[in-house]
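**Q** To start, I am sharing the structure in question, which I have written as structure tokens.
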Amino acid sequence: MEFQDAQQFVVRSINEITNRFQKVPGSAMLIRYIQSSYQDDPVRSAIELILVIFFIRYLLAPSYATHKGNFVKLTEEEIDDLVDEWTPEPLVAPQSAFEEAENEKLPVIVGPTGSRVKLSNGRTVTNLASYNFYNFVGNEQVKEKAIQTLRTYGVGPCGPPQFYGTQDVHMKTEADIASCLGTEGCIVYAQAFSTISSVIPAFCKRGDIIVADRAVNYAIRKGLEICRSTIRYYEHNDMEDLERVLQKVIKEQSKKPLTRRFIVTEGLFEAVGDCVDLPKLVELKLRYKFRLMLDETWSFGVMGRTGRGLTEAQNVDASQVDMLVGSLAGPLCAGGGFCAGSTDVVEHQRISAASYTFSAALPAMLATTASETLNMLQTNPDILVQCRENIKAMRAQLDPRSDWVHCTSSPENPVMLLALKPDIVNSRRLSIGEQEKVMQECVDEALINGVLITRLKSMPVANGANGKDEGWKLQPALKVCITTGLSKKEIEKAGVTIRHAITKVLTRKASSKLALPAAS
Amino acid sequence: MSEQKVGRRRRSSSLLYQEPPETIEHMSDQAALPNLNADWVNAKGESLRIENKIGFNSSFGGAWTIHLVLIAALKILFDIIPGVSQETSWTLTNISYMFGSFLMFHWVRGVPFEFNAGAYDNLNMWEQIDNGAQYTPAKKFLLSVPIVLFLLSTHYTHYDLTYFTINFLAVLGVVIPKLPYSHRTRVGLFSGAPEDR
């Protein structure tokens, strides 16, 4: 009896469950589904079942991060200890003995700058340390124009170009530069230094390839550093090496997705003073399908018959240079920089170049000054001829005549860089630091004799620039900036002074060096 | 520096390899801005929520509904083509959804509209979602869609062997790359040797 009861109970409860199950919406479908699956093929049903089990497991799994934080877990006490122990490093590193000595003797100009300046110690000296090549600093017409603009427009535009900062004078300056170079467009930046360092990241992104000269200046290095692209360097001004690097890049990239490729170099090199072979460069960039970014900071307003830069001097169409970057601050005596190129190149920068978008526009008076001085160079190329005469006169006094230094600058470059001759460096085993010291002594000696010159200041090596450019070191040099504010006679006289100063320092050095054990 | 270099080198020449870990520079670029390309999968209704940490808010938002809408639209599209049977229509719906989602989540790498300086150029969208975390709500949902769609389509194709095989291979194609095991794994055959940087 008991057994029958149990049986009945089981049957009843099964019926109950079935009834309840059938009342659940969709249950009929599920039963049909399972039945039809099973009837058809058990293997396929098994596969489905495995999939469903996996799926349920996946849904139930707890989430976890795959990014392991690259930090050490510290306890509260450890954190407190570390905070107590920490002493802040000084914001500015203490000066080295060399820097201290240099800063102590730093000449201070009192009153307006020009070709002859009054120093704070009361002496009047010849100034060959300013980028005042055409003496626009002392030009009344330029000054008058600037004052006029100042009265109309005020001091600064008080806003980035895209945010109420652009004024008609900026657009005029852009048009002036573009028509002078013969490019489709031009964009004016507010600072010369940050022009190239924001033009490069505006176009180059991670994965792109940049082939750059080893000797490019600090601003370019900064641009290369922040653009995240792959950088390849070629030997300074060696077109054969450039071709080798380009071929290597082409070969490496042949099976990879196409990326943007650029050659970045300077017109006149800031650190060496020589000039690039532009026709060859254009030929190579066309042959290997690269774009060319040319930094004409030191050559625009200097090279060529009317100062249009390297493109004019070497008879290259400026539209062949994809991004032509220049400065309005040096030879043009205004301020800011520009990038000229096709309309696409220029308009792209208006929203994607950091220093254009995020810094206040160029003050109106600097824009008009740039237009004015550019116009003066165009209409009166004699200024350039006069400057070149002065360069020649200075060079005659220094380069072949001096036993100690040679001029690495190109013959038309008004910034003359005088580096120690290699045989002297070798025979005396002068390190970079020692050469710098010698150069500083020459500067001091020249100043005592009434000529203010300066030396090439080395910039810190940009970090993160892939570390593949360690081979190149800037050679310390004297920097002599020629100006038309002085007559040929005065320039020659200054040249003699500089030459004698160098000789005096180096002969003095020689005696002190001889005291060392017979090195050579 | 040298240690990093070693870390980024390819370890063996096998067919499968792991995408090397990012450099510090790379990671800081990734962290600099929200990754809009991947964050939208967690979008809730109208307001786009930007989640950088693993503090997700499970939500059934517009970014999830769109999958169902698209599947329904595909099904209708294949249904209205004359001469297409229910079996073919379900199979076509299944494989087109699988193909589309494979392309979007697993094939295309990087970010379509550049804003992170190329910081995600080496990762596909699945690996970018939730900053690479596994078993997150979005990933669970995105895995469940193809599986449910597969179960539906095998059911409606009445377990025909050909249709089953096609549908099953399609679902495998999108489920395997979604597994935690496949995270940052590359098949050398398709993506070529990794770059040695």
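The values are calculated or read from the model by the stated rules, or taken from the named source; none is laboratory data. Quantities reported herein were computed from a predicted structural model and do not represent experimental measurements. Neighbour counts are summed over all protein chains in view; Cβ atoms, including those assigned to glycine, are modelled from backbone coordinates with ideal geometry.
**Q** Return yes when A:VAL108 is modelled with pLDDT of 90 or more and under 30 Å from the mean Cα position of the chain (by Cα) and no when it is not.
**A** Working: modelled with pLDDT of 90 or more: yes; under 30 Å from the mean Cα position of the chain (by Cα): yes.
Taking the combined requirement at face value, the residue satisfies it.
**Q** Starting from segment A:52-67, keep only residues that are closer than 25 Å to B:THR154 by Cβ, then list their pairs with residues that are outside any helix (DSSP H, G or I) and of a type in the set (A, V, I, L, M, F, W, C) whose Cβ atoms are within a distance under 9 Å, requiring at least 6 positions of separation or different chains.
**A** Filtered contacts from segment A:52-67: A:TYR58/B:LEU179.
**Q** What do you reckon, is A:ALA215 closer than 26 Å to A:GLN378 by Cα and either assigned to a loop (DSSP other than H, G, I, E, B) or of a type in the set (Gly, Ala, Ser) (or both)? Can you show your working first?
**A** Values: closer than 26 Å to A:GLN378 by Cα: no; either assigned to a loop (DSSP other than H, G, I, E, B) or of a type in the set (Gly, Ala, Ser) (or both): yes.
No.
**Q** Here is a follow-up. If you take the residues of segment A:246-270 that are within 14 Å of chain B (Cβ to nearest Cβ) and in a loop (DSSP other than H, G, I, E, B), which of them is nearest to the chain's Cα centre (by Cα)?
**A** Here the residue is A:ARG260.
Rundown of residues vs (1) aromatic (Phe, Trp, Tyr); (2) in a helix (DSSP H, G or I); (3) under 28 Å from B:PHE113 (Cα atoms), yes/no style:
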{"position": "A:THR311", "(1), (2), (3)": "no, yes, no"}
{"position": "A:LEU324", "(1), (2), (3)": "no, no, yes"}
{"position": "A:ALA334", "(1), (2), (3)": "no, no, no"}
{"position": "A:ALA340", "(1), (2), (3)": "no, no, yes"}
{"position": "A:VAL345", "(1), (2), (3)": "no, yes, yes"}
{"position": "A:HIS348", "(1), (2), (3)": "no, yes, yes"}
{"position": "A:ILE351", "(1), (2), (3)": "no, yes, yes"}
{"position": "A:THR357", "(1), (2), (3)": "no, yes, yes"}
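**Q** Quick check: anything in segment B:138-156 at the interface with chain A (Cβ under 10 Å from one of its Cβ atoms), surrounded by 17 or more Cβ atoms within 10 Å (Cβ to Cβ) and part of a loop (DSSP other than H, G, I, E, B)?
**A** No: segment B:138-156 contains no residue that is at the interface with chain A (Cβ under 10 Å from one of its Cβ atoms), surrounded by 17 or more Cβ atoms within 10 Å (Cβ to Cβ) and part of a loop (DSSP other than H, G, I, E, B).
**Q** Within segment B:88-111, how many residues turn out to be of a type outside the set (A, V, I, L, M, F, W, C), at negative phi and within 14 Å of chain A (Cβ to nearest Cβ)? Let's see the steps before the verdict.
**A** Filtering segment B:88-111 for residues of a type outside the set (A, V, I, L, M, F, W, C) gives B:88-89, B:91, B:93-94, B:96-97, B:100-101, B:106, B:109-110.
Adding the requirement that they be at negative phi leaves B:88-89, B:91, B:93-94, B:96-97, B:100-101, B:106, B:109.
With the extra rule that they be within 14 Å of chain A (Cβ to nearest Cβ), the set shrinks to B:94, B:109.
Qualifying residue count, segment B:88-111: 2.
**Q** Please state which of the following conditions A:GLY223 fails to meet, knowing it meets all the rest: (1) part of a helix (DSSP H, G or I); (2) more than 22 Å from A:GLY185 (Cβ to Cβ); (3) within 14 Å of chain B (Cβ to nearest Cβ).
**A** (2)
**Q** Select from segment B:179-189 the residues that are more than 9 Å from chain A (Cβ to nearest Cβ) and closer than 16 Å to A:TYR64 by Cα and write down the one among them that is surrounded by the fewest Cβ atoms within 10 Å (Cβ to Cβ).
**A** Within segment B:179-189, the first condition is being more than 9 Å from chain A (Cβ to nearest Cβ), and the residues that meet it are B:181-182, B:185-189.
From the residues that got through so far, the ones that are closer than 16 Å to A:TYR64 by Cα too are B:181-182.
Working: B:TYR181: 9, B:SER182: 16.
The qualifying residue surrounded by the fewest Cβ atoms within 10 Å (Cβ to Cβ) is B:TYR181.
**Q** For segment B:112-126, how many residues meet the condition of being within 9 Å of another protein chain (Cβ to nearest Cβ) and part of a helix (DSSP H, G or I)?
**A** The total comes to 0.
**Q** Take segment A:232-241 and flag every residue that is in contact (Cβ under 8 Å) with a residue 24 or more places away in the chain and in contact with an Asp or Glu (Cβ under 8 Å, 6 or more places away or on another chain). Even if it seems obvious, please write down each step before you answer.
**A** First, pick out the residues of segment A:232-241 that are in contact (Cβ under 8 Å) with a residue 24 or more places away in the chain: A:232-233, A:236-237, A:239.
Of everything in segment A:232-241, those that are in contact (Cβ under 8 Å) with a residue 24 or more places away in the chain and in contact with an Asp or Glu (Cβ under 8 Å, 6 or more places away or on another chain) turn out to be A:TYR233, A:HIS236, A:ASN237, A:MET239.
**Q** Could you check, for segment B:168-178, whether at least one of its residues is within 8 Å of chain A (Cβ to nearest Cβ), part of a helix (DSSP H, G or I) and over 30 Å from B:GLU22 (Cβ atoms)?
**A** Yes, that holds for at least one residue.
**Q** Scan the helices (runs of 4 or more DSSP H) fully inside segment B:15-103 and keep the ones with 2 or more residues being buried (at least 16 other Cβ atoms within 10 Å of the Cβ) and either in contact with a His (Cβ under 7 Å, 6 or more places away or on another chain) or at pLDDT below 80 (or both).
**A** On the way: elements: B:24-32, B:36-39, B:62-80, B:86-102.
So the answer is none; nothing clears 2.
**Q** Would you be able to say whether some residue in segment A:108-122 is assigned to a helix (DSSP H, G or I), of a type in the set (A, V, I, L, M) and touching a residue at least 60 places away in the same chain (Cβ under 8 Å)? It would help to see each step written out before you state the result.
**A** Just the residues of segment A:108-122 that are assigned to a helix (DSSP H, G or I), to begin with: none.
For segment A:108-122, residues assigned to a helix (DSSP H, G or I), of a type in the set (A, V, I, L, M) and touching a residue at least 60 places away in the same chain (Cβ under 8 Å): absent.
**Q** Checking the condition in contact with an Asp or Glu (Cβ under 9 Å, 6 or more places away or on another chain) and not in a helix (DSSP H, G or I), which residue from A:VAL155, A:VAL188 passes? Reasoning before the result, please.
**A** Values: A:VAL155 fails: in contact with an Asp or Glu (Cβ under 9 Å, 6 or more places away or on another chain).
After ruling out the rest, the residue left standing is A:VAL188.
**Q** Considering only residues that are in contact (Cβ under 8 Å) with a residue 12 or more places away in the chain and either at the interface with another protein chain (Cβ under 8 Å from one of its Cβ atoms) or among the hydrophobic types (A, V, I, L, M, F, W, C) (or both), look in segment B:157-167 and name the one that is nearest to A:ARG32 (Cα to Cα). Explain how you work it out, then say what you get.
**A** Of segment B:157-167, the ones in contact (Cβ under 8 Å) with a residue 12 or more places away in the chain are B:157-158, B:160, B:163, B:166-167.
If we keep only those that are either at the interface with another protein chain (Cβ under 8 Å from one of its Cβ atoms) or among the hydrophobic types (A, V, I, L, M, F, W, C) (or both) as well, we get B:158, B:166.
On the way: B:HIS158: 12, B:ILE166: 23 Å.
Looking at the filtered set, the residue picked out is B:HIS158.
**Q** Just wondering, is there one or more residues in segment A:88-100 that are part of a helix (DSSP H, G or I), more than 14 Å from chain B (Cβ to nearest Cβ) and β-branched (Val, Ile, Thr)? If you could, list the steps in order and put the result at the bottom.
**A** So the first thing to find is which residues in segment A:88-100 are part of a helix (DSSP H, G or I), and the list is A:97-100.
Among the residues that remain, those that are also more than 14 Å from chain B (Cβ to nearest Cβ) are: A:97-100.
Add one more test, that the residue is β-branched (Val, Ile, Thr), and what stays is none.
The answer is no, given that none of the residues of segment A:88-100 is part of a helix (DSSP H, G or I), more than 14 Å from chain B (Cβ to nearest Cβ) and β-branched (Val, Ile, Thr).
**Q** In segment A:187-227, which residue that is among the basic types (Lys, Arg) and in contact (Cβ under 8 Å) with a residue 24 or more places away in the chain is surrounded by the most Cβ atoms within 10 Å (Cβ to Cβ)?
**A** Applying the first criterion (among the basic types (Lys, Arg)) to segment A:187-227 yields A:205-206, A:214, A:221-222.
This time we only want the ones that are in contact (Cβ under 8 Å) with a residue 24 or more places away in the chain, so: A:205, A:214, A:221-222.
Details: A:LYS205: 18, A:ARG214: 20, A:ARG221: 23, A:LYS222: 20.
Step by step, filter segment A:187-227, then rank; the result is A:ARG221.
**Q** Tell me, which residue of segment A:340-365 that is surrounded by 24 or more Cβ atoms within 10 Å (Cβ to Cβ) and in contact with a Gly (Cβ under 8 Å, 6 or more places away or on another chain) is farthest from A:TYR164 (Cα to Cα)?
**A** Within segment A:340-365, the match that is farthest from A:TYR164 (Cα to Cα) is A:GLY341.
**Q** Looking at segment A:282-293, is at least one residue within 14 Å of chain B (Cβ to nearest Cβ) and among the hydroxyl-bearing types (Ser, Thr, Tyr)? Let's see the steps before the verdict.
**A** Going residue by residue through segment A:282-293, those that are within 14 Å of chain B (Cβ to nearest Cβ) are none.
No, segment A:282-293 has no match at all.
**Q** Could you tell me which residue of segment B:127-137 is surrounded by the most Cβ atoms within 10 Å (Cβ to Cβ), considering only residues that are closer than 20 Å to B:PRO112 by Cα and more than 7 Å from chain A (Cβ to nearest Cβ)?
**A** Applying the first criterion (closer than 20 Å to B:PRO112 by Cα) to segment B:127-137 yields B:127-132.
Retained after the next criterion (residues that are more than 7 Å from chain A (Cβ to nearest Cβ)): B:127-130.
On the way: B:GLU127: 22, B:GLN128: 21, B:ILE129: 22, B:ASP130: 26.
Top of the filtered list is B:ASP130.
**Q** Now for a separate question. Check A:LEU430, A:LEU417, A:LEU398 and return the single one that is over 22 Å from A:ASN127 (Cα atoms) and among the aliphatic types (A, V, I, L, M).
**A** Values: A:LEU417 fails: over 22 Å from A:ASN127 (Cα atoms); A:LEU398 fails: over 22 Å from A:ASN127 (Cα atoms).
Residue meeting the stated conditions: A:LEU430.
**Q** Looking at A:SER45, is it surrounded by 10 or more Cβ atoms within 10 Å (Cβ to Cβ), in a helix (DSSP H, G or I), small (Gly, Ala, Ser) and away from chain B (no Cβ under 14 Å)? Spell out the reasoning first.
**A** Values: surrounded by 10 or more Cβ atoms within 10 Å (Cβ to Cβ): yes; in a helix (DSSP H, G or I): yes; small (Gly, Ala, Ser): yes; away from chain B (no Cβ under 14 Å): no.
Against the criterion (surrounded by 10 or more Cβ atoms within 10 Å (Cβ to Cβ), in a helix (DSSP H, G or I), small (Gly, Ala, Ser) and away from chain B (no Cβ under 14 Å)), A:SER45 does not qualify.
**Q** Which one is surrounded by the most Cβ atoms within 10 Å (Cβ to Cβ) among residues in segment A:1-42 that are modelled with pLDDT under 75 and of a type in the set (Phe, Trp, Tyr)?
**A** Ranking the qualifying residues of segment A:1-42, first place goes to A:TYR33.
**Q** Would segment A:75-96 turn up any residue that is in contact (Cβ under 8 Å) with a residue 24 or more places away in the chain and either at negative phi or in the same structural domain as A:ILE432 (by TED's automatic domain parsing) (or both)? Reasoning before the result, please.
**A** So in segment A:75-96, the residues in contact (Cβ under 8 Å) with a residue 24 or more places away in the chain come out as none.
Checked segment A:75-96: no residue is in contact (Cβ under 8 Å) with a residue 24 or more places away in the chain and either at negative phi or in the same structural domain as A:ILE432 (by TED's automatic domain parsing) (or both).
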